[in-house]
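The structure under discussion appears below in the form of structure tokens.
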Amino acid sequence: MATKEELLDGLRFVPAQAKRVAGILDRQGDWDSKRSQGWTPKEMFTHVAVTAGMIPAMGPGMIAAPEATELTAGLDIASMNAAAVGSLAEMDTSQIVETLQGNYSKLTDWVKGLSDDQLQGKHTFLSMNLTAADLLMTLTVLHSTHHIYEAQLPVAI
Amino acid sequence: MTTKQEIINGMEEVIAQAKRVSALLEDQGDWDATRPAGWTPKEMFCHLASVSGLLATTGPGLLGAPEDADFTASTSIADLNAQAVASMSAMTPQQLTEAVEANYGKAIEWVKSIPDDQLQTAKTFAQMKMPVADLLANIGVLHANHHLYEAALRVAF
């Protein structure tokens, strides 16, 4: 299971990588070319920023949910993603990167407030039974890094 | 541009994430379920073990390549990936996780030995020109986390 310190390390790592990759995309002038996965880098960064912003809002409900409750039940993730990407469409890329950084800062503060018991609590997400710590690590560190990786390469490797 | 220490920290983070995701997959008995990306978690770990092994062996050639020589221009990445996965298919998940850890250990030692001026030289990879340091952060850190994320979740999100 991920520890709180590992999680906080990961939450520092993601905005640093986002800033680095944003610099590459700026230099390449490559924010608006569609990647093979279907989104542009700008849309991927928006998705990462919005997801990070949602966690402190939705997280308390997740932490309080019984172990067997499927956290994604009733959620249409594809529609949520589309709405979220659309919500920041008017922002320029530097504003999106700043939003991402700000949302990670709020997310970090929220994670710092979680107790070890809460982090060790088991939950069900997409039919997988895992601790809140592992779920948060998957959603806020690996998931974000996954999209930041996809954003920076013009071809899938 | 990313620093040598950031690359090393990122690679150490990959080792920790690989061990954590490996334990999750063990808990879920989920190593052989094909993910939406097309590979099973076991195949993704084969890919990571193989790529991490290549870092230290092909990296010196990359450092010596001219700025405009695109490594991916003469290489079929799909064929390379398929061969690498097949070559490790007989290994157990535990052996693959150990191979990822060992190969990243060697990659970290190699990165430590690269002079700073070499890390700053520009190279071309997948049509993108960037410093060696950014290329190593993308391939050695983001790419690995990207696949660890895909391995960890049963559904694309």
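The values are calculated or read from the model by the stated rules, or taken from the named source; none is laboratory data. Source: prediction; values computed, not measured. We place every Cβ from the backbone using ideal geometry, glycine too, and count neighbours over all the protein chains shown.
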(request) State yes or no: is B:A156 surrounded by fewer than 24 Cβ atoms within 10 Å (Cβ to Cβ), hydrophobic (A, V, I, L, M, F, W, C), more than 7 Å from chain A (Cβ to nearest Cβ) and free of Cβ contacts under 8 Å to residues at least 24 places away in the same chain? (result) no
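Yes or no, residue by residue, for (1) in a helix (DSSP H, G or I); (2) of a type in the set (V, I, T); (3) within 14 Å of chain B (Cβ to nearest Cβ):
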{"position": "A:A57", "(1), (2), (3)": "yes, no, no"}
{"position": "A:V97", "(1), (2), (3)": "yes, yes, no"}
{"position": "A:I148", "(1), (2), (3)": "yes, yes, yes"}
{"position": "A:A151", "(1), (2), (3)": "yes, no, yes"}
(request) Could you please give the count of residues in region B:12-39 that are out of contact with any helix residue (DSSP H, G or I) (no Cβ under 8 Å at 6 or more places or on another chain) and of a type in the set (V, I, T)? (result) 1
(message) Tally up the residues in region A:23-36 that are surrounded by 14 or more Cβ atoms within 10 Å (Cβ to Cβ) and either over 18 Å from B:D134 (Cβ atoms) or away from every other protein chain (no Cβ under 12 Å) (or both), please.
(response) 1
(message) Please go through region B:63-94 and give me each residue that is without any contact (Cβ under 8 Å) to a residue 12 or more places away in the chain and part of a loop (DSSP other than H, G, I, E, B), ordered by number.
(response) B:P66, B:T75, B:S76, B:A90, B:T92
(message) Name the residue that is nearest to the other protein chains (Cβ to nearest Cβ), counting only residues in region B:34-56 that are of a type in the set (A, V, I, L, M) and closer than 14 Å to B:A152 by Cβ.
(response) B:A37
(request) Name every residue in region A:126-136 that is more than 7 Å from chain B (Cβ to nearest Cβ) and either at pLDDT 95 or above or within 15 Å of the chain's Cα centre (by Cα) (or both), in order of residue number. (result) A:T131, A:A132, A:A133, A:L135, A:L136
(message) Looking for something in a loop (DSSP other than H, G, I, E, B) and in contact with a helix residue (DSSP H, G or I) (Cβ under 8 Å, 6 or more places away or on another chain) - is there at least one such residue anywhere in region B:132-144?
(response) no
(request) Mind telling me which of the residues A:A84, A:A49, A:A65 ends up being surrounded by 13 or more Cβ atoms within 10 Å (Cβ to Cβ), modelled with pLDDT of 90 or more and in contact with a helix residue (DSSP H, G or I) (Cβ under 7 Å, 6 or more places away or on another chain)? (result) A:A49
(request) Go through (1) part of a helix (DSSP H, G or I); (2) more than 13 Å from every other protein chain (Cβ to nearest Cβ) one by one and return the number of the condition B:W31 breaks. (result) (1)
(request) Could you tell me whether region B:120-131 includes any residue that is part of a helix (DSSP H, G or I), within 26 Å of A:I148 (Cβ to Cβ) and not polar (S, T, N, Q)? (result) no
(request) Output the residue which, of all residues in region B:110-131 that are within 15 Å of the chain's Cα centre (by Cα) and at pLDDT 95 or above, is farthest from the other protein chains (Cβ to nearest Cβ). (result) B:W110
